[in-house]
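Before any comments, here is the structure.
The values are calculated or read from the model by the stated rules, or taken from the named source; none is laboratory data. Keep in mind it's a predicted model, so treat the numbers as computed, not measured. As a convention, Cβ positions derive from the backbone with ideal geometry for all residues, glycine included, and neighbour counts pool all protein chains shown. Quick note on the areas: whole protein, heavy atoms, side chains included, nothing else; ligands and nucleic acids left out. Shrake-Rupley method; radii C 1.70, N 1.55, O 1.52, S 1.80 Å.
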Amino acid sequence: MYLKNIKAHGFKSFADKIDLEITKGITAIVGPNGSGKSNVVDAVRWVLGEQSIKALRGNNGMTDVIFSGSDSRQSQNRAVVSLTFDNSDHYLNSEFNEIEIKRVVYRTGENDYYLNNTKVRLKDITDLFIDSGAGKESFNIISQGAVGNVINNKPEERRTIFEEAAGVLKYKKRKEESLKKLDKTKENISKIQLVIDELIKTLEPLKEQNKLAKQYLQLKEDLEATEVSLIVKDIKDLNVNYQQHQNQVDLLKEQIDRLSNISATEQSNIEKNKLKSLKLDDEISKINEELLALSEEITSLETQKNILYERQKYQSEDSVLTQNILYTKEQISKIQNQIKTIEKDKQYYSQKLQQTIVNQNQLLMEIENFQKNKLEITNEMNTNNKNIQSCQNLISINKSNIENNSRLPHAVKSIITNNRLSGIHNTIGNLISIPSEYNNAIDIALGNNTNTIVVDDTESAKKAIEYLKKNSLGRATFFPINIIKSKKILPEILQKIENIKGFIGIASNLIKFDQKYRNIIENQLGNIIVVNTIDDLNNIAREINYQYRVVTLSGEIQYTGGAISGGTSNIISSIKEKHLLEKNEEQLLDLETIKTKLEQKMQDNENKLQVLLKEKDDNNSKIITYKEQTAQKEIRINDCKSELTKLNSELVNVESQLNHTIDNTLNDIIENLSQKIALKNQKANFLHQLKDEKNELFNQITDLENIVRQKNNKYNQHQQELKQKEIELNKIDNRLDNLLLTLNENYAMTFEKAEKLFPNYENVNETDRIKVIDLKNSISKLGMVNLGAPAEYERINTRYEFLISQQEDLTKSSEELMALITEMDTIMVDKFQKTFTKIQEEFSTVFKQLFKGGKGILKLTNPDDILHTGVEIIAEPPGKKLNSIALLSGGEKTLTAIALLFAILNIKPVPFCILDEVEAALDEANVDTFGKYLESKKNNSQFILITHKKKSMEYADVLYGITMQESGVSKLVSVKLEN
Ligand code: ATP
């Protein structure tokens, strides 16, 4: 690398732009005092990044370097200096073959650096030149008077040039940066520690509160899961219970209605009969009165007759005969009356018999009907019982199939029933609950995936598959919860079809499942549309352009793209099995209701039948009685008739013996008497009949009253039962209300929501009630709980952990920095030590060459502390004793310093070296020695020499003059060497 040129414009006295071409070898710059030669050195130092205005011979700030104006020229607003290097040997660590560095400062104080016209930071420039031997601190720029400093500086200040030569400056700089970083890091660590200390004070009590709150929330969650499940189960059970009670209440009301209707009819029959009975009483008492009157009349007629008899006994000779005639006539009249009465009786009984027979025939028909009914009901009951039995059988088959997972493929069953496999949930079919109306649709929509097994993750699936393979159990499909994503119908499409006739919903919204399976259920059913009929399916599928599957309630399905599948299938899936169980249970309930109704019907029929049978028996005995009575009356009529015939012939016989007629009055009396007697008998018979009739009525009333009493008892019993049932119904209602209220007040849930959120309510049992009490006790034992604690604890703990990790990071980086510093120290010690030893030797040689004898020695002031040791120079010019260098002459000091400079340059050659009047104090002979030495080294380094010495100029390859023709502005002139 070498320096190709120096350009300056507006820098110090360079108001006009100067362009100083530098060649390899020695370039000398000459000129009168104050013309601006040293400003070139300043310019180079400045562009390399000098920050000290003092080092640049300024006072106030960096703007001091800007041309400040002169008598003839105005001040300028900026100073620009650039250096161009040939870097084709890539001495500088850059890919560029030519490197131009430029620094610009503006009056405003802005300061820019450029590297090949790209704006860069000062650090980029410094880094580029560090340890190149051309940095701003480098020993390659020796300013005016600085050579003296080498001698005059303290040993500790002097070590800098050795460091530069040893190439440790970059380490030193990095070490300084590292130390700064270390300080900053340590400061940060202690700042963080303060915050951590503060946080710990808040965190400790919060930790306790957080633990408590979490415990509370966990207990609450458990309580909610258990209590809500119990409530849902209780509500469901109570609803069934309520329905059963309601059915019983309805039945009882129906029975009560019927009983009260029947009782009313019977009551009115009783009343009618009682009225009849009263009428009979009237008639009986009337007849009794008539009988009494007749008896009196008969007695009076008897008396008259007896008187007439007595009179006739003495008046008539044939009194005995007459007596006989009269008696016989009396008898004949009596018998004639008797016959009339008996015939009336016979007629009465025969009528009664006819009526009863008609009645009995009707009764028999009715009985036959009731018996037919009984048979029919019995048949119905038998059929119903058979149905109940077969329904119960089906239910137990369904239950056993569900319990034993019989509808699942063998492989699937062997996985879900294996307790040793972990992370296995169940099949999709077993994890959902489907309202019966959607069963077909969901079954078809899921298809074979009904039997897909839901698992925690791929690991669980992998283990299950290994198990299947190992035991040759077949194949199964798995859905890992952590992987399967949900699928949905685009909202715009959903909006489009929602109001179309026949649209029912999205399959996943129509079923119940645990929310943790949402992704899986939606993956399977989230994009399937359920519709009513096949016509709706056609409409909607067309509307959505066959983008999604559509399924009808009866199971026809339209696949994406347009294929339709339908018909029936004999395969029973686990879903269908559950559906069948539900249907069978519903049917069983219906059948049991029918059974109760049939039993009731049977009971009613039987009651009526029994009444009719009793009536039939009664009628039979009546018929027998009436027949007997009719027969008896017939016999008696015949007896009376033969008696009459006998009496008539007797009368004819007696009358033939007696030829006069009997007294007409007596005859009339006898006639009248026999008529009255006949009438009395007739009335007595009638009375007898009426009494019979009344007795019969009385019996009927008693029977009816018994029936009414029985029915009333039943009615009251039913009323009692009804009251009981209604109280129970009310209790159930209240319990339901309370449960719903608890759901609402304690958990802000409706029953539907609770049922959806806790679909496993069917699995809760009685021990869960104890669990609820235990959980409530545990919660109340916790006392006051700060529910904000977990969030607050989380927030503060996150900060605490963040700070701890930050502190750890910082501690780690501080340790790394320390290690780095130690490593750099080791490198620096090593490099410094080696370089110093070399320079020490070289100095001794160069000293001898420049002084042409004598002794120059370099010594470390503190060899034990290489990092800080100073360097002492001991010089012994020829013939002189080793002495303090302070005592050397000015020229000797300069030569000693130059010897050190050259020794260093020999050990660590620099690309270019600017020497500003370093040889000013030397005499001509020594300047010549200096010049010669320079010449011997000019192939290793470029030398830019600012000098007044002609001897020095003689060794220059190029000579520049700096003048100040125009007052205050430096000008560059090239000087012909010959001149
Ligand atoms: P000598 O031979 O005496 O060492 P020199 O040639 O090295 O002299 P310099 O020290 O380089 O001279 O230049 C000093 C000159 O530069 C002075 O005249 C000074 O006024 C001028 N100068 C310094 N800074 C500025 C500035 N900011 N604006 C204008 N001129 C400046």
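Assorted remarks:
- Residue list for segment 908-927, filter: within 13 Å of the ligand (Cβ to nearest atom) and under 19 Å from residue 86 (Cα atoms): 914
- Test: residue in segment 719-739 that is open to solvent by 60 Å² or more (accessible area, probe 1.4 Å), part of a helix (DSSP H, G or I) and more than 30 Å from residue 231 (Cα to Cα): yes
- Tabulated pairs, segment 781-798, first in contact (Cβ under 8 Å) with a residue 40 or more places away in the chain, second of a type in the set (Val, Ile, Thr), C-beta under 9 angstrom, 6+ apart or interchain: 785/779; 792/202; 796/202
- Close Cβ contacts (under 9 Å, 6 or more residues apart or on different chains) running from residues in segment 26-41 that are on the phi > 0 side of the Ramachandran plot to residues that are within 6 Å of the ligand (Cβ to nearest atom) and part of a helix (DSSP H, G or I) comprise 31/37.
- Qualifying residue in segment 58-71 (condition: in contact with a Leu (Cβ under 6 Å, 6 or more places away or on another chain), under 25 Å from residue 121 (Cα atoms) and assigned to a loop (DSSP other than H, G, I, E, B)): no
- When each of 413, 334, 374 is tested for being closer than 30 Å to residue 308 by Cβ, assigned to a helix (DSSP H, G or I) and open to solvent by 50 Å² or more (accessible area, probe 1.4 Å), the lone residue that passes is 334.
- Total residues in segment 45-58, condition over 23 Å from residue 117 (Cα atoms) and within 14 Å of the ligand (Cβ to nearest atom): 6
- Residue selected from segment 62-78 under the condition within 21 Å of residue 114 (Cβ to Cβ) and more than 10 Å from the ligand (Cβ to nearest atom), by the criterion least open to solvent (accessible area, probe 1.4 Å): 62
- Residues of segment 931-965 classified as in a helix (DSSP H, G or I), away from the ligand (no atom under 15 Å from the Cβ), open to solvent by 20 Å² or more (accessible area, probe 1.4 Å) and not small (Gly, Ala, Ser), total: 6
- First in segment 1-13 and open to solvent by 20 Å² or more (accessible area, probe 1.4 Å), second anywhere and near the ligand (Cβ under 9 Å from one of its atoms) and outside any strand (DSSP E or B), Cβ under 7 Å, 6 or more apart: 12/36; 12/39; 12/42; 12/65; 12/67
- Test for residue 352: is it open to solvent by 80 Å² or more (accessible area, probe 1.4 Å) and not polar (S, T, N, Q): no
Results for (1) open to solvent by 30 Å² or more (accessible area, probe 1.4 Å); (2) at pLDDT below 85, shown as yes or no for each residue.
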site: 139; (1), (2): no, yes
site: 158; (1), (2): no, no
site: 164; (1), (2): no, yes
site: 178; (1), (2): no, no
site: 181; (1), (2): yes, no
site: 187; (1), (2): yes, no
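- Test: residue in segment 594-604 that is under 26 Å from residue 246 (Cβ atoms) and touching a Ser or Thr at 6+ places or on another chain (Cβ under 8 Å): yes
- Pairs are defined by a Cβ separation below 8 Å, a sequence spacing of at least 6 or placement on different chains, a first member in segment 538-558 that is farther than 23 Å from residue 492 by Cβ, and a second member that is modelled with pLDDT under 90 and β-branched (Val, Ile, Thr); the pairs so defined are 556/564; 557/564.
- Of the criteria (1) open to solvent by less than 20 Å² (accessible area, probe 1.4 Å); (2) farther than 18 Å from residue 140 by Cβ, which one residue 57 fails: (1)
- Of all the numbered requirements in (1) in contact with a strand residue (DSSP E or B) (Cβ under 9 Å, 6 or more places away or on another chain); (2) open to solvent by 30 Å² or more (accessible area, probe 1.4 Å); (3) part of a loop (DSSP other than H, G, I, E, B), residue 114 misses one, and that requirement is (3).
- Leading residue by the ranking (farthest from the ligand (Cβ to nearest atom)) among those in segment 966-979 that are among the polar types (S, T, N, Q) and out of contact with any Leu (no Cβ under 8 Å at 6 or more places or on another chain): 979
- Residue count for segment 849-908 under the criterion of being open to solvent by 50 Å² or more (accessible area, probe 1.4 Å), within 15 Å of residue 155 (Cα to Cα) and hydroxyl-bearing (Ser, Thr, Tyr): the result is 2.
- Residue in segment 167-183 that is touching a residue at least 24 places away in the same chain (Cβ under 8 Å) and under 30 Å from residue 29 (Cβ atoms) present: yes
- Number of positions in segment 682-710 that are touching a helix residue (DSSP H, G or I) at 6+ places or on another chain (Cβ under 9 Å), of a type in the set (S, T, N, Q) and under 18 Å from residue 629 (Cα atoms): 3
- Test for residue 284: is it of a type in the set (Val, Ile, Thr), modelled with pLDDT under 90, more than 24 Å from the chain's Cα centre (by Cα) and open to solvent by less than 50 Å² (accessible area, probe 1.4 Å): no
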